[in-house]
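Remarks on the structure that follows.
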Amino acid sequence: MNYADWVSVLRKFARHIGCHRSTSQRLFNAYKAKSGEQVLYHLPGQQALSVLGEQLTGHIPCDLIVQWRQVSERFSATIPQYARSHAELKRLLDNRQEDKVKARDVHLSGEDKRAQLYYAAKSLLGMSMEEIFCAYVLTRGKGREGFLQEVAMISKSQIKRETGAAPFVQFYTHPHNDDFIAPLNIDASCRVESKRFSIGIAQELSTPGLHQAFASYSPGNSGLVFDPIADHDRFDATFIFNNPDELVDPLSHDSQCSSTSISIKNPAKKLRLLVLIEKQLDRHSCVNVGCYHGNQKVEEGKLSVEDMWTERLPEFPELRLIDLNAGAQALHWDTVQQQKLDYLFRYASLDPANYRCYLMEVDYPIWSSTYRIYFEHQ
């Protein structure tokens, strides 16, 4: 008999003898417990144990009934030595467990705590990835009138999806054009249409077959949905977006703040978030970073720096200004990241020499949070 059949038989037997469902569930939890403390915590109350002894009479051997009553009596006699009731004993056990966790947490670094969340979320969701590499290039005069052009790359490496997990979805924020059918199939020869919203898959930076695995898109959830890629246990996915009308031009608009962000929808071991801002914008800007609850969306044009702290987590990622001419070794990344950045600039027909680059790197980014780099313009 397998585990599921065994549980089913126990539940049917409990109903047959008139055992309350909560009592049978507590006994089952006590049976699965891995320590004596957990057994005491999960056991039903004294009255329920006594009633169950009567319900079992005639259904199991008499010697087992005698043992059951002896255990029940000892349980009832022992509790008053430590607590006024079983409920109070459970509270004491809860507090002790909480103290143990707090004692362990005192010695854990922020990275260790984030790693714990990564492995727990990975197990829970059945999906994970090695790295999320994001690069946002912000340019004046290339987008629609009154807006910055934002060309963005989101590249996810070594995505692993367990059987039964939710499908892989790439989310975005911009509404689709009316004629949207599927993401563009971008290759190294393609160039962006600067004043038209687009989303595409970079062939050379994605696992072969990703474009063919595109299944559907959801305007309501703003997501591209993909089927599994045949014969690939892990896969890479790189998307390039062109947003010509999402970020207002702060030098000609009342809004004095621009923001770029990435939401951690799936557990990842590494996040690299780059914002490349045109030098003429950077000269009038003060940059800052934050990590925020959930997918905190801000309404463009109404964003203010004073509002950016309200949902911010204590996690405070480091931000570095980097020299793109320093080379991959000086930037502490490998040639793959450099190739991705070169690919993005080539596709956007932009010169990296005209941009200042800000880099945020986080090991084990917090699942279900949003990391944001924002600029206050003067």
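Of Leu313, Leu43, Leu138, the residue with the greatest mean-square motion in the GNM of the chain, using alpha carbon springs below 10 Å, is Leu43. The long axis of helix 21-32 is offset from the longest Cα principal axis of the chain by roughly 80 degrees. Pairs spanning more than 26 Å between alpha-carbon atoms, out of Lys270/Lys340; Lys269/Lys340; Lys113/Lys156; Lys34/Lys160; Lys32/Lys265; Lys142/Lys279: Lys34/Lys160; Lys32/Lys265.
Of all the options Ala120, Ala165, Ala14, the one that moves most in a Gaussian network model of the chain with Cα springs shorter than 10 angstrom is Ala14. Compared with the dominant Cα axis of the chain, that is its longest principal axis, helix 3-17 is turned about 50°.
Converting phi to 3J(HN,Hα) with the Karplus coefficients 6.51, -1.76 and 1.60 and the offset θ = phi - 60°, segment 154-162 yields 10, 10, 10, 10, 6, 6, 10, 10, 6 Hz in sequence order, with x at every glycine or proline.
Once you list every other residue whose beta carbon is under 11 Å from the beta carbon of Ala188, what net charge do they have if Lys and Arg are +1 and Asp and Glu are -1?
Local charge sum for Ala188: -1.
In terms of its C-alpha gyration tensor, the chain comes out prolate, because a/c is 1.5 or above and the ratio a/b outweighs b/c. For Arg320, Arg312, Arg161, Arg84, the sequence from fewest to most other C-beta atoms within 10 Å is Arg84, Arg320, Arg312, Arg161.
For Phe147, nonlocal amide neighbours, meaning residues 5 or more places apart or on other chains whose placed amide H falls under 5 Å from its own, are Asp249. Computed from Cα positions, the angle between helix 86-106 and the longest principal axis of the chain comes to roughly 40 degrees.
Take the chain, connect every pair of alpha-carbon atoms lying under 10 Å apart with a spring to form a Gaussian network, then pick out the residue of Ser128, Ser50, Ser155 with the largest mean-square fluctuation. Checking each option, the largest mean-square fluctuation is seen for Ser50.
Readers should treat all values here as calculations from the given coordinates under stated rules, not as data from a laboratory. Since the model is a prediction, treat every value here as computed from it, not as a measurement. Methodologically, a virtual Cβ is constructed for each residue, glycine included, from the backbone with ideal geometry; neighbour enumeration extends over all protein chains shown.
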